[in-house]
Amino acid sequence: MDDKQRPADTLRDGSLKATLWRNEGENGSFVSTQFAKTYTDRDGKPRDTNSFASSELLRVSELARQAYTRSNELRHEFA
């Protein structure tokens, strides 16, 4: 797997995660973020969903704050 397919970073809070990806655009590198929750399906395989319970939203917002800070750090590293 090359660097373009690997996340630049992944932040976690229990089963919640924020995955930061390096992208290239007309104006250079930028970072995008995906939020997900990992769970185990009936077959015991880990799966991700982008649906969150209302009780998880504050944790998602904290991950978003951390992802914002980390994406700014990464943006400076890429420059």
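The values are calculated or read from the model by the stated rules, or taken from the named source; none is laboratory data. Just so you know, these numbers come straight off a predicted model, no measurement behind them. With ideal geometry, Cβ positions are generated from the backbone for all residues, glycine too; neighbour counts draw on all protein chains shown. These area figures cover heavy atoms from the full protein model, side chains too; ligands, DNA and RNA do not enter into them. Shrake-Rupley method; radii C 1.70, N 1.55, O 1.52, S 1.80 Å.
Rundown of residues vs (1) within 22 Å of E77 (Cα to Cα); (2) at pLDDT below 95; (3) touching a strand residue (DSSP E or B) at 6+ places or on another chain (Cβ under 6 Å), yes/no style:
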residue: T10; (1), (2), (3): yes, no, yes
residue: N27; (1), (2), (3): yes, yes, no
residue: K37; (1), (2), (3): no, no, yes
residue: T49; (1), (2), (3): no, no, yes
residue: E56; (1), (2), (3): no, no, no
residue: L63; (1), (2), (3): yes, no, yes
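Here is the figure for segment 45-79: residues that are touching a residue at least 24 places away in the same chain (Cβ under 8 Å), closer than 18 Å to W21 by Cβ and either among the aromatic types (F, W, Y) or in contact with a helix residue (DSSP H, G or I) (Cβ under 9 Å, 6 or more places away or on another chain) (or both) total 1.
Scanning segment 45-79 for residues that are in a helix (DSSP H, G or I), in contact with an Asp or Glu (Cβ under 6 Å, 6 or more places away or on another chain) and open to solvent by 70 Å² or more (accessible area, probe 1.4 Å) yields one hit, R59.
Using the structure shown, decide if R42 is farther than 12 Å from S71 by Cα, part of a loop (DSSP other than H, G, I, E, B) and free of Cβ contacts under 8 Å to residues at least 12 places away in the same chain. Against the criterion (farther than 12 Å from S71 by Cα, part of a loop (DSSP other than H, G, I, E, B) and free of Cβ contacts under 8 Å to residues at least 12 places away in the same chain), R42 qualifies.
Do we find a residue being of a type in the set (D, E), part of a strand (DSSP E or B), open to solvent by less than 80 Å² (accessible area, probe 1.4 Å) and touching a residue at least 60 places away in the same chain (Cβ under 8 Å) anywhere in segment 10-18?
Within segment 10-18, none of the residues are of a type in the set (D, E), part of a strand (DSSP E or B), open to solvent by less than 80 Å² (accessible area, probe 1.4 Å) and touching a residue at least 60 places away in the same chain (Cβ under 8 Å).
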